[in-house]
Amino acid sequence: MSEATQNIIKTITYFDLFNYPLTSWELWRLADTKKTYSEFSADLNNLAHPQIANQDGFYCLSGRADTLAERQTRYNVSDRKFKRALAAAWWFSRLPWIKLVCLANQIGAHNLRAGGDLDFFIVTSPRRLWLSRLFLNSALTILNLRPTDGKFSDTLCLSFWISDDNLNLAGYRLADDPYFRYWLAGLTPLYDRGWTYDKLIEANEWLVQELPNWQRLKVLPRRHLKTSGRDRRPLQIFQPLERLAKKFQWLIMPDNLKALANHNTQVVISDCVLKLHPTDRRQEFLEKYQEKLNDSGLRI
């Protein structure tokens, strides 16, 4: 089996974990081998493997054609959810310390489940992370828009924050972490001030090294808030409030998050990053990925 065929199968197999068949363009963008699109298309045209099916322009594992209908359903759901996310990003952007608001999903913004919440990745000005989180989470709590044990659908989850002086995310990856790689590649910027999204990608050059054909998302104007590009630096008079906001939020933070804090990459709590993922399924996804590859005769 050629290296090109192996890379194609690996990519299709990984995204099958999320019931997401891929177009040839998506496969090319997410493959880990540097090629022109025409070269990659030629590889696809020559692909003949019993584990891979091509239907209606989508590539998936054999016997998984039902995922095409699921992808279409989720696309329709995503269009409605995107409008909600964009409205939320507009409100978030009223806070002067918010630099970047992204809708975060493993596949991007077009694979949102009807009953799922909306995950956001937020970048703030330096030394304003805790204060920004206090304002936004307080507002969401008052409006009953935060996810709870009994309520997920269309709620707003703000569980990953960084400041713009800490844009390199490599330290939050596992040793073998395709999930985090595709998560970063799938971020959809909704609000971007001071070209923070570009700075984020530049600070994580490992992403382009691992996905050499990947290109930054070009978001439609109707799905992106207009900004002037001007930056607003934090006023020092708010620094005492930042310290108070940190102390208060630490006091009310759930005990499970405190217990997990800074022991690994699940829960990271500092003045420049808040990564609050007590249930981290990346290792589980990696193991399932390995099982699927083993079934096709490949290894990672």
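The values are calculated or read from the model by the stated rules, or taken from the named source; none is laboratory data. All figures in this text were calculated on a predicted structure; none of them were measured in a lab. Ideal geometry is used to build each Cβ from the backbone, glycine not excepted, and the neighbour counts take in all protein chains shown.
Out of the residues in the range 131-144 that are more than 19 Å from Pro278 (Cβ to Cβ) and in contact (Cβ under 8 Å) with a residue 24 or more places away in the chain, which is surrounded by the fewest Cβ atoms within 10 Å (Cβ to Cβ)? Among those residues, the one meeting the criterion is Ala139. Identify the residue in the range 64-105 that is among the charged types (D, E, K, R) and over 19 Å from the mean Cα position of the chain (by Cα) and, among all such residues, is modelled with the lowest pLDDT. Checking each candidate, the answer is Glu70. In the range 128-155, the qualifying residues are those that are in contact with a strand residue (DSSP E or B) (Cβ under 6 Å, 6 or more places away or on another chain) and modelled with pLDDT under 95, and the one that is nearest to Trp214 (Cα to Cα) is Pro147.
Within the set Leu257, Leu200, the sole residue that is at pLDDT 90 or above and within 16 Å of the chain's Cα centre (by Cα) turns out to be Leu200. Residues in the range 33-63 that are modelled with pLDDT of 85 or more and small (Gly, Ala, Ser): Ser38, Ser41, Ala42, Ala53, Gly57, Ser62, Gly63. Tallying residues that are polar (S, T, N, Q), surrounded by 13 or more Cβ atoms within 10 Å (Cβ to Cβ) and touching a Pro at 6+ places or on another chain (Cβ under 7 Å) within the range 244-300 yields 1.
Could you tell me how many of the residues in the range 1-42 are closer than 21 Å to Glu287 by Cα, outside any helix (DSSP H, G or I) and basic (Lys, Arg)? Number of matching residues: 0. As for the range 67-78, it holds no residue that is crowded, with 20+ Cβ neighbours inside 10 Å, at negative phi and among the aromatic types (Phe, Trp, Tyr).
Checking each residue of the range 50-57 against the condition of being outside the structural domain of Leu187 (by TED's automatic domain parsing), surrounded by fewer than 18 Cβ atoms within 10 Å (Cβ to Cβ) and touching a Phe, Trp or Tyr at 6+ places or on another chain (Cβ under 8 Å) gives at least one match.
For the range 245-286, the tally of residues that are part of a loop (DSSP other than H, G, I, E, B) and among the basic types (Lys, Arg) stands at 1.
Any residue that is β-branched (Val, Ile, Thr), touching a Lys or Arg at 6+ places or on another chain (Cβ under 7 Å) and without any contact (Cβ under 8 Å) to a residue 40 or more places away in the chain - is there at least one of those in the range 199-206? Checked against the condition, which is being β-branched (Val, Ile, Thr), touching a Lys or Arg at 6+ places or on another chain (Cβ under 7 Å) and without any contact (Cβ under 8 Å) to a residue 40 or more places away in the chain, the range 199-206 yields at least one hit. In the range 146-160, the residue that is farthest from Cys272 (Cα to Cα) out of those that are part of a loop (DSSP other than H, G, I, E, B) and without any contact (Cβ under 8 Å) to a residue 24 or more places away in the chain is Gly150.
Taking the criterion of being of a type in the set (S, T, N, Q), in contact (Cβ under 8 Å) with a residue 12 or more places away in the chain and under 23 Å from Gly186 (Cα atoms), the residues of the range 17-72 that qualify are Asn19, Thr23, Ser24, Thr33, Ser41, Thr67. Among the numbered conditions (1) in a helix (DSSP H, G or I); (2) modelled with pLDDT of 90 or more, the only one that Lys292 does not meet is (2).
Which of the residues that make up the range 203-244 are outside any loop (DSSP other than H, G, I, E, B), at pLDDT below 65 and more than 17 Å from Val101 (Cβ to Cβ)? Passing the criteria: only Gln236.
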